Amino acid sequence: MSTEKDTVNTEANEVVENIETTTTPTPRSKGNDSGFEGIQLFFENNKKMVTYVGGGLVVVIAAILYYKLMYMPEKEKEATNELYWAQTYFEKDSFEIALKGGKPVNAINGTKTMMSLEQIADEYSMTKSGNLANYMAGICYLRTGKFEKAIEFLSQYNGKDEMVSSIAIGAIGDANMELNKVDEAIKFYLKAADNSSNNFTTPIYLKKAGLAYELKGNFSEAINVYERIRKEYGTTDEGKEIDREIAKVKALGNL
């Protein structure tokens, strides 16, 4: 690295010297003399500092370009290849295998040991596939009854896909319900419902929030949520059955 800096600095000095020896002064108006001469004087007095700063900027820019154009694409490719095997078992509901990895699989370069979702999430945390591994690991832990771990991994997922991110948030609500943290569950169900307004996830999580309110005995809030389903998502499966739920809650709460 020091050699590269020295090279850059030497080249910068040569450019400066060439400018000094080949540039002939041109007449300037008196109004511009003081400003130009001030800049020239600053440069002459601080030539070494300016040269070092310029060399440093070249190194920083080169490092950024390398990271974005070479390092990250290669890591993304590696992560995608590793996630393929874990995702295959995830989609088969083989959650323990997806979580633990360790199985021999046939890769392009021969037999290799499959990485676990946790390993992928950790080793490729800066990649899209590593991020998705957090979501998958969270779902695996939820489905295998490890609810605290499910919350841990689902909370680390920050994908931009509105549908998947809504499900991830809602799954945190499910994990909290299993842990009897009803207030937390309601918070995440409502957050999941509002994360993306659509006819699939929104009425599902509104319905879950309503059921959680019922469990708490907060029937008025349950009705508010159910009436929102009837008004905004009346054509969905949840909306078609919501009148029955509303009638039941009104009877339970004497409303």
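The values are calculated or read from the model by the stated rules, or taken from the named source; none is laboratory data. Just so we're clear, the structure is a prediction, and the values are computed from it rather than from any experiment. Here the Cβ positions follow ideal geometry from the backbone for every residue, glycine too, while neighbour counts run over all protein chains shown.
A few points about this structure:
- Unique residue being assigned to a helix (DSSP H, G or I) and in contact with a Cys (Cβ under 7 Å, 6 or more places away or on another chain) when the list is Leu83, Leu99: Leu99
- All positions within the range 115-155 that are part of a helix (DSSP H, G or I) and either among the β-branched types (Val, Ile, Thr) or surrounded by fewer than 18 Cβ atoms within 10 Å (Cβ to Cβ) (or both): Ile120, Asp122, Glu123, Lys128, Ile139, Arg143, Glu148, Ile151, Glu152, Ser155
- Check on Asn180, part of a loop (DSSP other than H, G, I, E, B) and at pLDDT 95 or above: yes
- Lone unmet requirement of (1) closer than 22 Å to Asn224 by Cα; (2) at pLDDT 95 or above; (3) surrounded by fewer than 18 Cβ atoms within 10 Å (Cβ to Cβ) for Phe188: (3)
- Looking only at the range 232-255, and only at residues there that are within 33 Å of the chain's Cα centre (by Cα) and in a helix (DSSP H, G or I), the one that is surrounded by the fewest Cβ atoms within 10 Å (Cβ to Cβ): Asp237
- The condition (being modelled with pLDDT under 95, under 25 Å from Leu179 (Cβ atoms) and surrounded by 12 or more Cβ atoms within 10 Å (Cβ to Cβ)) is satisfied by just one residue among Lys100, Lys75: Lys100.
- Failed item, numbered, when Ile172 is tested on (1) at pLDDT below 95; (2) crowded, with 16+ Cβ neighbours inside 10 Å: (1)
- Selection status of Val164, in a helix (DSSP H, G or I) and closer than 25 Å to Ala79 by Cβ: yes
- Scanning the range 170-189 for residues that are within 16 Å of Thr202 (Cβ to Cβ) and touching a Phe, Trp or Tyr at 6+ places or on another chain (Cβ under 8 Å) yields Gly170, Gly173, Ile186, Tyr189.
- Residue within the range 116-131 that is under 27 Å from Ile169 (Cα atoms), touching an Asp or Glu at 6+ places or on another chain (Cβ under 6 Å) and modelled with pLDDT of 80 or more present: yes
Residues checked against (1) polar (S, T, N, Q); (2) at positive phi; (3) not assigned by TED's automatic domain parsing to the domain that holds Phe95:
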| position | (1), (2), (3) |
| --- | --- |
| Ala133 | no, no, no |
| Thr144 | yes, no, no |
| Ala150 | no, no, no |
| Glu178 | no, no, yes |
| Lys187 | no, no, yes |
| Asn195 | yes, no, yes |
| Thr202 | yes, no, yes |
| Leu206 | no, no, yes |
| Gly210 | no, no, yes |
